[in-house]
Amino acid sequence: MSPLILDAHLDLALNAIEWNRDLTRPLAEIRQREAHLRDKPDRGRGTVCLPEMRRARIGVCVATQLARLEHAAYSPVFGWRSPAQAWAMTQAQLAWYRAMEEAGEMVAIRDAAALEAHSARWQAADDATAAQLPIGYIRSLEGADSLVTLAHLERAVADGLRAIGPAHYGPGVYAQGTSTEGPFPARGIELLRVADELGLILDVTHLSDACFRQAMTLYRGPIWASHHNARALVPHQRQLADDQFRALVERGAVVGVALDAWMIVPGWERGKTTPQSADLRLEHLVAHIDRYCQIAGNARHVGIGSDLDGAFGTEQVPQEVQSIADLPRLPDLLRARGYAEVDIEGVMHGNFMRFLRKALK
Ligand SMILES: [Zn+2]
């Protein structure tokens, strides 16, 4: 039986609401039903659904709400035209999570006790039992554009939000994100202060280098990087530099490695390079895990934040990954690199579990 997996970054509600995928259905059916669509590059090539997550033994995940604002100067991905629209979209996503809870498909995890009880259920389950279990999720807001005011953040936390990443792609309302530079605006500093008071986990993924530095100084609460690969292996501002990783280790952070191809190997051209032409394999992702472990001097600060179906599908992931249920191939690759069983369990779930036990107290 493969170890329990904690996936620290999945855009499940975005897939359900914006991609119109019924994630309770089998993967083949989801693909088939959208095979004729051309509105998004990953149509018909999804890898994530709830049954496949259970097959992978992903008993716990961090699931996002995500709605960006359109920015005239920088729009590599879709954005809404007003904060009210973005907020409304995150509320539709929340309503979908609630519907999944009511259907017994998922269960919201808000505190350490619930995390402990839920993961114990999964640990004890054989594959047949696991196929019937709800998937536990900790809710995180990716990009804060949708917060019309900071009172909306308080409402979200009252509703069970437990983590926040202030930035996404491009300039944001509260922070500078991927491919932009510069520090937090005043309202971003205020966001950090309120998030700190509310006891949220701060996700530094997507922050500009200047914002990253500021966040590390200003934020006193728990910090992680939910889906973030190593800049030393693929040079790009979206990636985590060695000194940034070192600073995170000092704070007791855990960093999740992501399966988006361009973040795994250098020179990837979206829409041109294919997993086959690049001979992209999970082994290349293991190199990022190993990089982090070598820097930390141990295997206690790395986990999985797959980001699978985060606006890309099988056209942009390692060749062996036809489904999220292929993540259990990772332990063998880590074994081949000489990782001990205890370290492998740490990477697959134990490190994020340790972090969350403390952060959700
Ligand atoms: Zn992201």
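Worth a mention:
- Test: residue in the range 199-211 that is within 16 Å of the ligand (Cβ to nearest atom), modelled with pLDDT of 95 or more, part of a helix (DSSP H, G or I) and over 25 Å from Asn20 (Cβ atoms): yes
- Residue within the range 87-104 that is farther than 23 Å from Ala151 by Cβ and part of a loop (DSSP other than H, G, I, E, B) present: yes
- Just one of the listed residues (Ile189, Ile164, Ile109) is open to solvent by less than 50 Å² (accessible area, probe 1.4 Å), away from the ligand (no atom under 16 Å from the Cβ) and either under 26 Å from Pro3 (Cβ atoms) or modelled with pLDDT of 95 or more (or both), and it is Ile109.
- Here Thr178 does not fit the description of being within 15 Å of Ser140 (Cβ to Cβ), of a type in the set (S, T, N, Q), within 16 Å of the ligand (Cβ to nearest atom) and open to solvent by less than 20 Å² (accessible area, probe 1.4 Å).
- The condition of being farther than 18 Å from Ala92 by Cα, in contact with a Lys or Arg (Cβ under 9 Å, 6 or more places away or on another chain) and of a type in the set (Gly, Ala, Ser) holds for Ala131.
- Residue check, Glu190 of a type in the set (D, E, K, R), farther than 18 Å from Leu218 by Cα and out of contact with any Lys or Arg (no Cβ under 9 Å at 6 or more places or on another chain): no
- Scanning the range 136-154 for any residue that is touching a strand residue (DSSP E or B) at 6+ places or on another chain (Cβ under 8 Å), under 18 Å from Leu191 (Cα atoms), assigned to a strand (DSSP E or B) and more than 13 Å from the ligand (Cβ to nearest atom) turns up at least one such residue.
- Tabulated pairs, the range 3-19, first open to solvent by less than 10 Å² (accessible area, probe 1.4 Å), second away from the ligand (no atom under 15 Å from the Cβ) and part of a strand (DSSP E or B), C-beta under 7 angstrom, 6+ apart or interchain: Leu4/Gly59; Ile5/Ile58; Leu6/Val60; Leu6/Gly303; Asp7/Ile58; Ala8/Gly303
- The range 324-361, subset acidic (Asp, Glu) and in contact (Cβ under 8 Å) with a residue 40 or more places away in the chain, residue most open to solvent (accessible area, probe 1.4 Å): Glu345
- Test: residue in the range 234-255 that is within 15 Å of the ligand (Cβ to nearest atom), in a loop (DSSP other than H, G, I, E, B) and touching a Gly at 6+ places or on another chain (Cβ under 7 Å): no
- Pair list, Cβ under 6 Å, 6 or more apart: the range 162-177 residue on the phi > 0 side of the Ramachandran plot, other residue more than 9 Å from the ligand (Cβ to nearest atom) and open to solvent by 30 Å² or more (accessible area, probe 1.4 Å): Gly170/His71; Gly170/Tyr74
- Of the criteria (1) in a loop (DSSP other than H, G, I, E, B); (2) away from the ligand (no atom under 16 Å from the Cβ); (3) touching a strand residue (DSSP E or B) at 6+ places or on another chain (Cβ under 9 Å), which one Gln132 fails: (3)
- Scanning the range 300-323 for residues that are crowded, with 23+ Cβ neighbours inside 10 Å and either within 16 Å of the ligand (Cβ to nearest atom) or among the small types (Gly, Ala, Ser) (or both) yields Gly303, Ile304, Gly305, Ser306, Asp307, Leu308, Asp309, Gly310, Gln316, Val317.
- Some residue of the range 264-281 being under 30 Å from Ala108 (Cβ atoms) and open to solvent by less than 10 Å² (accessible area, probe 1.4 Å): no
- Counting only residues that are part of a loop (DSSP other than H, G, I, E, B), under 19 Å from Ala225 (Cα atoms) and among the small types (Gly, Ala, Ser), the range 155-181 holds 6 of them.
The values are calculated or read from the model by the stated rules, or taken from the named source; none is laboratory data. What you see is a predicted model, and the numbers here were worked out from it, not measured in a lab. As a convention, Cβ positions derive from the backbone with ideal geometry for all residues, glycine included, and neighbour counts pool all protein chains shown. For the accessible areas, the whole protein counts, side chains as well, though only heavy atoms, and no ligand, DNA or RNA atoms are used. Shrake-Rupley method; radii C 1.70, N 1.55, O 1.52, S 1.80 Å.
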